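Colleague: Got a structure for you, written out below as structure tokens; questions coming shortly.
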Amino acid sequence: MLKVGLTGGIGAGKSEVSRLLVERGAVLIDADRIAREVVAPGTPGLAAVVEAFGERILAADGSLDRPGLGAIVFADPEKLAVLNSIVHPLVGARSRELESTAADDAVVVHDVPLLAENGLAPLYDVVVVVDAGPETQLDRLVRLRGMTEEDARARMAAQATREKRLEIADVVIDNDVPLDALRRRVAEVWADLVRREHAFRAGSAEAAGE
């Protein structure tokens, strides 16, 4: 099994890259999706978030008001750290559980938005960074996600710098390109990951004396 950490700044297009990798056979473990699951209504995770931030972060139906909570934490690093201290251990435990069910020869892609911020690069055999310029990120967040420019800039500022993400990259996917070019680059990266997985398994077998 090859463990791949996939990351990128908000609005860089990481979700599209993960979708293209799944098309080619990757096993995807999506940290954002898991983060929503662990704070679903009735979970200990949601109870802990309510205890930390109050019932004002609940929607009328009792679910987490994610935009409302986001507006609170992304403008305050200390509150963001509190939220992360609740959610990240739950996400990590669930991610490991899902990874344990993958085949021995799988390429498992962990889609982790805050990989650089949380110093998680050593957990993966390969770190893939989806890169886009800040102007592209801002445009996508405002035009495609409907954020205000102020909110978009606050969320970008709350993440690691572009330089910090690139420092930890084993592989970089430029997503300041048209979709066809992105597809070609992802195909190249997938072929490289498959080669790495084969080499990894061969090395493991040799070390085990098989």
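The values are calculated or read from the model by the stated rules, or taken from the named source; none is laboratory data. From a predicted model like this one, the values you see are computed outputs, not experimental measurements. Cβ placement follows ideal geometry from the backbone for every residue including glycine, while neighbour counts extend to all protein chains displayed. What goes into the accessible areas is simple: the full protein's heavy atoms, side chains included, and nothing from ligands, DNA or RNA. Shrake-Rupley method; radii C 1.70, N 1.55, O 1.52, S 1.80 Å.
Colleague: Counting only residues that are on the phi > 0 side of the Ramachandran plot and open to solvent by less than 50 Å² (accessible area, probe 1.4 Å), which one in the stretch 15-56 is modelled with the highest pLDDT? I'd like the intermediate steps shown before the answer.
Modeller: Just the residues of the stretch 15-56 that are on the phi > 0 side of the Ramachandran plot, to begin with: 25, 42, 54.
Okay, now just the ones that are also open to solvent by less than 50 Å² (accessible area, probe 1.4 Å), so 25, 54.
Details: Gly25: 96, Gly54: 92.
Per the stated criteria, the residue is Gly25.
Colleague: With the structure loaded, tell me whether Val87 is touching a Lys or Arg at 6+ places or on another chain (Cβ under 7 Å) and either within 14 Å of Lys3 (Cα to Cα) or outside any loop (DSSP other than H, G, I, E, B) (or both) or whether it fails that test.
Modeller: Judged against the criteria, Val87 is not a match.
Colleague: Which residue pairs have Cβ atoms closer than 8 Å, lie 6 or more positions apart in sequence or on different chains, and pair a first residue in the stretch 36-52 that is in contact (Cβ under 8 Å) with a residue 40 or more places away in the chain with a second residue that is open to solvent by less than 30 Å² (accessible area, probe 1.4 Å) and part of a loop (DSSP other than H, G, I, E, B)?
Modeller: Gly45/Val38; Gly45/Val39
Colleague: Is it the case, given these coordinates, that Glu78 is in a helix (DSSP H, G or I), over 30 Å from Leu193 (Cα atoms) and among the charged types (D, E, K, R)?
Modeller: For Glu78, the condition - in a helix (DSSP H, G or I), over 30 Å from Leu193 (Cα atoms) and among the charged types (D, E, K, R) - is met.
Colleague: Same structure again: Of all the residues that make up the stretch 116-131, how many are under 18 Å from Thr161 (Cβ atoms) and not aliphatic (A, V, I, L, M)?
Modeller: Counting residues in the stretch 116-131 that are under 18 Å from Thr161 (Cβ atoms) and not aliphatic (A, V, I, L, M) gives 4.
Colleague: Separate question: Which number in (1) among the aliphatic types (A, V, I, L, M); (2) over 17 Å from the mean Cα position of the chain (by Cα); (3) modelled with pLDDT of 95 or more marks the one condition that Leu144 misses?
Modeller: It fails just one condition, (3).
Colleague: Taking the stretch 180-210, which residues are modelled with pLDDT under 90 and in contact with a strand residue (DSSP E or B) (Cβ under 6 Å, 6 or more places away or on another chain)?
Modeller: Within the stretch 180-210, Phe200 is the sole residue that qualifies.
Colleague: Name, by its number, the condition in (1) part of a loop (DSSP other than H, G, I, E, B); (2) more than 25 Å from Ser15 (Cα to Cα) that does not hold for Val49.
Modeller: It fails just one condition, (1).
Colleague: Out of Ala121, Ala160, Ala103, Ala154, I need the residue that is modelled with pLDDT of 90 or more, of a type in the set (A, V, I, L, M, F, W, C) and over 15 Å from the mean Cα position of the chain (by Cα). Which one?
Modeller: Testing whether each residue is modelled with pLDDT of 90 or more, of a type in the set (A, V, I, L, M, F, W, C) and over 15 Å from the mean Cα position of the chain (by Cα) leaves just Ala103.
Colleague: Look through Pro77, Pro113, Pro89 and report the one residue that is of a type outside the set (Ser, Thr, Tyr) and more than 20 Å from Arg153 (Cβ to Cβ).
Modeller: On the way: Pro77 fails: more than 20 Å from Arg153 (Cβ to Cβ); Pro113 fails: more than 20 Å from Arg153 (Cβ to Cβ).
Result: Pro89 is the single residue among Pro77, Pro113, Pro89 that is of a type outside the set (Ser, Thr, Tyr) and more than 20 Å from Arg153 (Cβ to Cβ).
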